[in-house]
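Below: one structure, written as structure tokens.
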Amino acid sequence: GRWLLAPHRDARNEWALTLNDDVIRHFVIDRTFIDEDGVRWIIDYKTGEHLEDDRDAFLDREQQRYRAQLETYASLLRLMEDRPVRLALYFPLFSAWRTWDWVG
């Protein structure tokens, strides 16, 4: 979690964006930044607790649950810049996260 919150290039928290493509839609990205390799990170914080035995299965389900949301954020930022994008769900209550590359 410390690395996610550390200073990074173009770091933004609670970044509110609006897209007008025939319908006005509003988005808020929890955290985003560009890392030292030029990769745009888009992180969504999740405060849910993991109470099951199989943490990996829980993270797999959460990734599938929120994949479309984070990939929508990536598509939105692609309208502003062209760089590799890495998506992440971070669960601070039990120090776990799930990351994947966005292929858009």
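Loop-located GluC sites (Glu not before Pro) across the range 18-104 with a Cβ neighbour count of 15 or fewer within 10 Å are Glu36, Glu49, Glu52, Glu81, with loop assigned by DSSP. Taking the chain as the reference, fit the longest principal axis to its C-alpha atoms, fit the long axis of helix 55-78 to the helix C-alpha atoms, and give the angle between the two in degrees, 0 to 90, nearest 10. Taking the Cα atoms of the chain, the angle to 55-78 is about 10 degrees. Helix content alone sets the calculated 222 nm mean residue ellipticity of the chain: runs of n ≥ 4 DSSP H residues at -39500 (n - 2.57) each, divided across all residues, give -8500 deg cm²/dmol. Note on the chain: Cα-only Rg and Dmax are 14.1, 45 Å. Under the criterion of Cα pairs below 8 Å and six or more residues apart, the relative contact order for the range 3-89 equals 27 percent. With the simple model of a label 7 Å out from the Cα in the direction of the Cβ, Gln63 to Met80 spans 2.6 nm. Rolling a 1.4 Å probe over the protein heavy atoms of the range 51-104, with every protein chain left in place, gives an accessible area that is 47 percent carbon and sulfur. Directionally averaged projected area (the range 24-78, Cα convex hull): 5.1 nm². With all protein chains kept in place, the per residue accessible area of the chain amounts to 62 square angstrom at a probe of 1.4 angstrom.
Among 6-14, 90-98, sorting by the average number of other beta carbon atoms lying within 10 angstrom of each residue, highest first, gives 90-98, 6-14.
The values are calculated or read from the model by the stated rules, or taken from the named source; none is laboratory data. All values derive from a computational prediction rather than experimental measurement. As a convention, Cβ positions derive from the backbone with ideal geometry for all residues, glycine included, and neighbour counts pool all protein chains shown. Only protein heavy atoms, including side chains, enter the accessible area calculation; ligands, DNA and RNA are left aside. Shrake-Rupley method; radii C 1.70, N 1.55, O 1.52, S 1.80 Å.
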